[in-house]
Amino acid sequence: MAHIKNETAYRVALQRIDKLLPLVNDETPTNDKNYIELDILSDMVEEYEEKHYPIQTPSLEDTLRLRMYEMGLTQAKLAEMLGISCARISEIISGKGEPSLKTCREISRKLDIDPAVVLGV
């Protein structure tokens, strides 16, 4: 299979995908030329993006800050929710300390954060 070799080719592929998207839907047969072209270009763009624009797993600290913002929580309220001290939650949010396994479970369960993010895997 061909590969996208540079940023210009990547941008052209994205533009072509934008033109193909309205022409292909769930009812489009898999042997349709637009479907095939879209499928091939999508795979090529995905491969290029994985190499040049990788998305890394967010840190626990960033995820906690985001979830606190989304839920309107202060550090004190979060500490209370998790059953730990304010000082301990401050250490975790600043990256100066790691949560215990019990606290990891509570973070994942009560804040609906993927266990892989909480455990840093």
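The values are calculated or read from the model by the stated rules, or taken from the named source; none is laboratory data. If you're wondering where the values come from, they're calculated on a predicted model, not measured in any experiment. All Cβ positions, even for glycine, are placed from backbone atoms using ideal geometry, and neighbour counts span all protein chains on display. For the accessible areas, the whole protein counts, side chains as well, though only heavy atoms, and no ligand, DNA or RNA atoms are used. Shrake-Rupley method; radii C 1.70, N 1.55, O 1.52, S 1.80 Å.
Out of the range 38-88, which residues are β-branched (Val, Ile, Thr) and closer than 15 Å to Ala13 by Cα?
Residues satisfying the conditions are Ile40, Val45.
Taking the condition of being closer than 20 Å to Leu119 by Cβ and surrounded by fewer than 13 Cβ atoms within 10 Å (Cβ to Cβ), how many residues in the range 68-97 meet it?
4
Is there a residue in the range 79-86 that is touching a Cys at 6+ places or on another chain (Cβ under 8 Å) and free of Cβ contacts under 8 Å to residues at least 12 places away in the same chain?
Our first condition is that a residue be touching a Cys at 6+ places or on another chain (Cβ under 8 Å); within the range 79-86, this holds for 79.
Now drop any that are not free of Cβ contacts under 8 Å to residues at least 12 places away in the same chain, which leaves 79.
Within the range 79-86 (the criterion being touching a Cys at 6+ places or on another chain (Cβ under 8 Å) and free of Cβ contacts under 8 Å to residues at least 12 places away in the same chain), the answer is yes, since at least one residue qualifies.
Please state which one of Glu27, Glu46, Glu7, Glu37 is of a type outside the set (A, V, I, L, M) and touching a Lys or Arg at 6+ places or on another chain (Cβ under 9 Å).
Going through Glu27, Glu46, Glu7, Glu37 in turn, just one is of a type outside the set (A, V, I, L, M) and touching a Lys or Arg at 6+ places or on another chain (Cβ under 9 Å): Glu37.
Would you be able to tell me the number of residues in the range 105-121 that are outside any helix (DSSP H, G or I) and charged (D, E, K, R)?
Within the range 105-121, residues that are outside any helix (DSSP H, G or I) and charged (D, E, K, R) number 2.
Name, by its number, the condition in (1) under 23 Å from the mean Cα position of the chain (by Cα); (2) in contact (Cβ under 8 Å) with a residue 24 or more places away in the chain; (3) surrounded by 14 or more Cβ atoms within 10 Å (Cβ to Cβ) that does not hold for Arg105.
Just one mismatch for Arg105, condition (2).
Residue check, Ala2 against (1) at pLDDT 95 or above; (2) open to solvent by less than 70 Å² (accessible area, probe 1.4 Å); (3) touching a helix residue (DSSP H, G or I) at 6+ places or on another chain (Cβ under 8 Å), all met but one. Which one?
(1)
It is to be established whether one or more residues within the range 38-49 are in contact (Cβ under 8 Å) with a residue 40 or more places away in the chain and among the aliphatic types (A, V, I, L, M).
Step one: filter the range 38-49 for residues in contact (Cβ under 8 Å) with a residue 40 or more places away in the chain, giving 43-45, 47-48.
Narrowing further to those that are among the aliphatic types (A, V, I, L, M): 44-45.
Yes, the conditions are met somewhere in the range 38-49.
Kindly provide the set of residues from the range 42-65 that are more than 30 Å from Asp18 (Cβ to Cβ) and open to solvent by 60 Å² or more (accessible area, probe 1.4 Å), ordered by number. Steps first, please.
Of the range 42-65, the ones more than 30 Å from Asp18 (Cβ to Cβ) are 59-65.
Within the range 42-65, Asp62, Arg65 qualify.
List the number of the failed condition for Asn34; all other conditions in (1) open to solvent by less than 40 Å² (accessible area, probe 1.4 Å); (2) on the phi > 0 side of the Ramachandran plot; (3) not β-branched (Val, Ile, Thr) hold.
(2)
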